[in-house]
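J.: Dropping a structure here in structure tokens format, bear with me for questions.
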Amino acid sequence: MTPDEARDLMHEWTPSPALRVHMEAVAACMGAYAQRLDPDHADDWVVCGILHDFDYEKHPTPIEHPFVGVRHLESLGVDLEIRTAILGHADYSGVARESPMAKALFACDELAGFIVACAKVRPEGIATLEVKSVKKKLKDRSFAAAVSRDDIAIGAADLAPITGLDETAHIQVCIDAIRARAADLGL
């Protein structure tokens, strides 16, 4: 599946502009990590980011998400590594995050959402967002309260052995990736 085909599927299943922005932001981060870790398969990483939550609006319960979407992706012949990474981004799925793609998806998911939230409350959007601002907001539990700070920390720690990047550098990679897509994302 190409990124454009993934976007078509995402648009078919996901009417919410906010959720679409989230998936595109995660896809941007996944693309950045693919360039570092698996450049020959960068499109697969972007597809994974685009589709990780595509079934969420239609099937939001832990009994359904991401299982319904992954079954649909399997019927379309989407690569097993992408499907496994999507399953692994939900802790409750019981699917271990073993591949670099799966670790990156988990590490980027909550963080991308948090970065977008930070950008939306700034006059310049993401243009001037710095890591220190993100870290400061992470300490404010009332800001973007639904975002799991634990998942952000665990994701960064699990990704670090593969990338050699600490949490600060990980946040910067994601800011830069999302900033590069700022116009598309309305940030």
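Bear in mind that the values in this text are calculations on the coordinates, not laboratory data. Quick caveat, the model's predicted, so the values are computed rather than measured. Every residue, glycine as well, gets a Cβ built from its backbone with ideal geometry; the counts of neighbours run over all protein chains shown.
J.: Assuming a ≥ b ≥ c are the square roots of the Cα gyration tensor eigenvalues, decide whether the stretch 52-111 counts as rounded (a/c under 1.5), prolate (otherwise, with a/b larger than b/c) or oblate. Don't skip to the end; give the middle numbers.
T.: Numbers: a/c = 1.71, a/b = 1.18, b/c = 1.46.
Cα axes put the stretch 52-111 in the oblate bin.
J.: Here is a follow-up. Could you give the alpha-carbon Rg of the stretch 1-63 over 2.2 N^0.38 Å, rounded to two decimals?
T.: Details: Rg = 11.8 Å, N = 63, 2.2 N^0.38 = 10.6 Å.
Against the empirical 2.2 N^0.38 Å value, I get 1.11 for the stretch 1-63.
J.: Show me the chymotrypsin sites (Phe, Trp or Tyr not before Pro) within the stretch 94-187 that DSSP assigns to loop and that have at most 16 other Cβ atoms within 10 Å of their Cβ. Intermediate values should be presented prior to the final figure.
T.: On the way: sites: 106, 114, 143; in loops: 143.
Here the sparse-neighbourhood loop sites are 143.
J.: Could you compute the longest span of the chain free of GluC sites (Glu not before Pro) located in DSSP loops and having at most 15 other Cβ atoms within 10 Å, not counting the site residues?
T.: Maximal segment without exposed cleavage sites: 131-187.
J.: Provide the net charge surrounding residue 37, with neighbours chosen by a C-beta distance below 15 Å and charges set as Lys +1, Arg +1, Asp -1, Glu -1.
T.: -4
J.: If we count trypsin sites (Lys or Arg not before Pro) as exposed when they sit in a DSSP loop and have at most 15 other beta carbons within 10 Å, what is the longest stretch of the chain that avoids them all?
T.: Here the longest run is 59-140.
J.: Another question, then. Mind checking which lysines have their Cα closer than 28 Å to the Cα of residue 139? Skip sequence neighbours fewer than 8 apart in that chain.
T.: Qualifying lysines at Cα under 28 Å: 103, 120.
J.: Something else now. Figure the gain on full extension for residue 71 and residue 140 (residue separation times 0.36 nm, minus the Cα-Cα span) and round it to one decimal in nm.
T.: Contour length minus Cα-Cα distance gives 21.1 nm.
J.: Taking just the C-alpha trace of the stretch 105-187, give me its Rg and Dmax in Å.
T.: 12.0, 36
J.: Based solely on its DSSP helices, what 222 nm [θ] is calculated for the chain when runs of n ≥ 4 H residues each add -39,500 (n - 2.57) and the sum is averaged over all residues, nearest 500 deg cm²/dmol?
T.: On the way: 10 runs with 123 residues, N = 187.
The per-residue figure over the chain is -20500 deg cm²/dmol.
J.: Is the stretch 15-145 rounded, prolate or oblate when judged by the Cα gyration tensor, a ≥ b ≥ c being the square roots of its eigenvalues, rounded requiring a/c under 1.5 and prolate requiring a/b larger than b/c?
T.: Prolate.
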